[in-house]
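To keep things clear, I will list the structure first and then write my remarks on it.
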Amino acid sequence: MTGREAEDRAERAGPPGHRLPLPAGQPFGFLAGVKVLDLTTSIAGPYAAMLLGDFGADVVKIERKQGDDARGWGPPFLDGESLWFLAVNRNKRSVALDYADGPGAAALRELIAQADVVLVNQPPRVARKLGIGPDQVKVLREDVVYVSITGFGLDGTRADWTCYDLIAEGYSGVMDVTGSPDGAAQKVGAPAADMLAGHDAAMAAIAALFGRMQTGKGAVIGVSLVESMTRFLSCRIVPYLGSGEVPSRSGGTDSVIAVYQAFDTADLPITLGLGSDNLWRRFWEALGEPERASAAGTASNADRRARRAEIVADIQERLLRKPRAHWLDLFQAARIPAGPINRVDEVAADEELIARGMFFRLEEPGRIVPQVGTGFTVDGAPNRPRRMPPLLGAHTDEVLAEWLGRKPDASRPAAPGPIPNGRASIPPL
């Protein structure tokens, strides 16, 4: 089969996500009964809300007329839906609500009064203007857990500044230490600040809910993209604070561990981490040169760091003699940490990750949506989602009936199917 024929066959079979298995495991139910109102857009806030939904909370996503900003992020799109949006919005219901004023604002106030957790990602000034600042929300429910995700926090001189993941990465210092020594500073290859801040927001919300069980009091939680990303750099910042040594870009070769980087082999690169004296010894035993482990000037990690360039060159010369598969098999047998440098398509096709529930597809009539799992198991089983990422406004009447006891509005059109850019024509309340 020619390369072109293989591409044609793959195209006819649909995108790779269509070939993933359905999810295994059971839905996590730790937060069953907890009501979460997600007023956020983009990545950080929706990811936080999705994590709470993954743990079993009833998450209602409030979207204004045009929906979450991320619904328009693309290409690529899948059947008209933004794949970035689909990545962080499962286990939610969508309510279309224009809450600037009028009936939509009144409905939002009623929903807030029923919510255990309210997630917001507007700067404080904008949140107050929309009626969703912390003091305004706590008037409606005193024991609410209010979670704000902003660029710079709820207070301070930068509180009302706008921010995105890219800007937070620049502020945090991580871009300055990412990249090759002779190259420009680089952004991390994923929205790291967004994902970290979202994780922090979900973790803090769960902790606050646990605290409320004991005290009866809610909390106002302020999460900052810049601060979450800065904390990510702790293992670089603390050594600077204690030594005065400013880290610089090195292409990932300046770890505190002497041998901890990528190496070329006869065909494809590998990663190799010799993080202890015992691993250093086992490495040379695996190569059939045990005497090298006790060579002068290599007894400790500090000794090896002093001779890093020489040692790395010595190892590199040996690894170039055999292909990647040879070395990975050898190091796995010797219990030496090593691995491939995968492309995204290779990660997504990893049979072990798929078997453990990391990648799967969700289905309903007319829709197939690929997903990345929660990333851990409970009692040996992965998490199985309860809901697909929602279409805009698909659950407005359902939620208003369940949460507020309102009768469905017969004059409102039915929820749409998938449409271009995932945006619906159904009018908000």
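The values are calculated or read from the model by the stated rules, or taken from the named source; none is laboratory data. Note that the structure is a prediction, hence the values are computed from the model and not measured. All Cβ positions, even for glycine, are placed from backbone atoms using ideal geometry, and neighbour counts span all protein chains on display.
Odds and ends about this structure:
- Tally, over the stretch 57-77, of residues that are touching a residue at least 60 places away in the same chain (Cβ under 8 Å) and surrounded by fewer than 19 Cβ atoms within 10 Å (Cβ to Cβ): 5
- At least 3 residues being among the charged types (D, E, K, R) is the threshold, and among the helices (runs of 4 or more DSSP H) wholly inside the stretch 156-234 those reaching it are 192-215.
- Hits in the stretch 251-276 (condition: outside any strand (DSSP E or B) and of a type outside the set (A, V, I, L, M)): GLY251, GLY252, THR253, ASP254, SER255, ASP264, THR265, ASP267, PRO269, GLY275, SER276
- ARG387 being surrounded by 14 or more Cβ atoms within 10 Å (Cβ to Cβ) and at pLDDT below 95: no
- Comparison of VAL174, VAL147 shows that the only residue that is surrounded by 17 or more Cβ atoms within 10 Å (Cβ to Cβ), under 30 Å from ALA106 (Cα atoms) and within 18 Å of the chain's Cα centre (by Cα) is VAL147.
- Among residues of the stretch 373-398 that are farther than 20 Å from ALA87 by Cβ, those with a Cβ under 9 angstrom from a residue that is in a loop (DSSP other than H, G, I, E, B) and of a type in the set (Asp, Glu), sequence gap 6+ or separate chain, pair up as THR396/ASP409; ASP397/ASP409.
- Residue in the stretch 100-114 that is within 19 Å of GLY45 (Cα to Cα) and either in a loop (DSSP other than H, G, I, E, B) or not assigned by TED's automatic domain parsing to the domain that holds PHE28 (or both) present: no
- Check on THR178, closer than 16 Å to PRO124 by Cβ and of a type in the set (Ser, Thr, Tyr): no
- In the stretch 356-368 there is no residue matching the filter, namely being small (Gly, Ala, Ser), within 34 Å of the chain's Cα centre (by Cα), modelled with pLDDT of 95 or more and in a strand (DSSP E or B).
- The number of residues in the stretch 100-126 that are surrounded by 22 or more Cβ atoms within 10 Å (Cβ to Cβ) and over 12 Å from VAL60 (Cα atoms) comes to 3.
- Meets criteria (under 19 Å from ALA49 (Cβ atoms) and either in contact with a helix residue (DSSP H, G or I) (Cβ under 9 Å, 6 or more places away or on another chain) or aromatic (Phe, Trp, Tyr) (or both)) for VAL188: no
Residues are listed down the side, and each one gets a yes or a no for (1) part of a strand (DSSP E or B); (2) at pLDDT 95 or above; (3) β-branched (Val, Ile, Thr):
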residue: ARG9; (1), (2), (3): no, no, no
residue: PHE28; (1), (2), (3): no, yes, no
residue: GLY33; (1), (2), (3): no, yes, no
residue: VAL36; (1), (2), (3): yes, yes, yes
residue: SER42; (1), (2), (3): no, yes, no
residue: PRO46; (1), (2), (3): no, yes, no
residue: LEU51; (1), (2), (3): no, yes, no
residue: VAL60; (1), (2), (3): yes, yes, yes
residue: ALA70; (1), (2), (3): no, yes, no
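- Among the candidates THR150, THR157, residue that is more than 25 Å from ALA100 (Cβ to Cβ) and hydroxyl-bearing (Ser, Thr, Tyr): THR157
- For the stretch 295-345, a residue qualifies if it is of a type outside the set (Gly, Ala, Ser), farther than 17 Å from THR271 by Cβ and assigned to a helix (DSSP H, G or I), and the qualifying residues are ASN301, ASP303, ARG304, ARG305, GLU310, ASP314, GLU317, ASP345.
- Residue check for ASN301: outside the structural domain of GLY189 (by TED's automatic domain parsing) and exposed (fewer than 15 other Cβ atoms within 10 Å of the Cβ): no
- Residue in the stretch 99-112 that is over 18 Å from GLY393 (Cβ atoms) and out of contact with any Lys or Arg (no Cβ under 7 Å at 6 or more places or on another chain) present: yes
- The single condition among (1) modelled with pLDDT of 95 or more; (2) loosely packed, with under 13 Cβ neighbours inside 10 Å; (3) in a loop (DSSP other than H, G, I, E, B) that SER248 does not satisfy is (1).
Every residue, every condition in (1) assigned by TED's automatic domain parsing to the domain that holds ASP277; (2) touching a strand residue (DSSP E or B) at 6+ places or on another chain (Cβ under 9 Å), yes or no:
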| position | (1), (2) |
| --- | --- |
| ARG321 | yes, no |
| ALA325 | yes, no |
| LEU328 | yes, yes |
| GLY339 | yes, yes |
| ARG361 | no, yes |
| VAL378 | no, yes |
| PRO382 | no, yes |
| PRO385 | no, yes |
| ALA394 | no, yes |
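- Options VAL312, VAL220: the member that is among the aliphatic types (A, V, I, L, M) and not assigned by TED's automatic domain parsing to the domain that holds GLY133: VAL312
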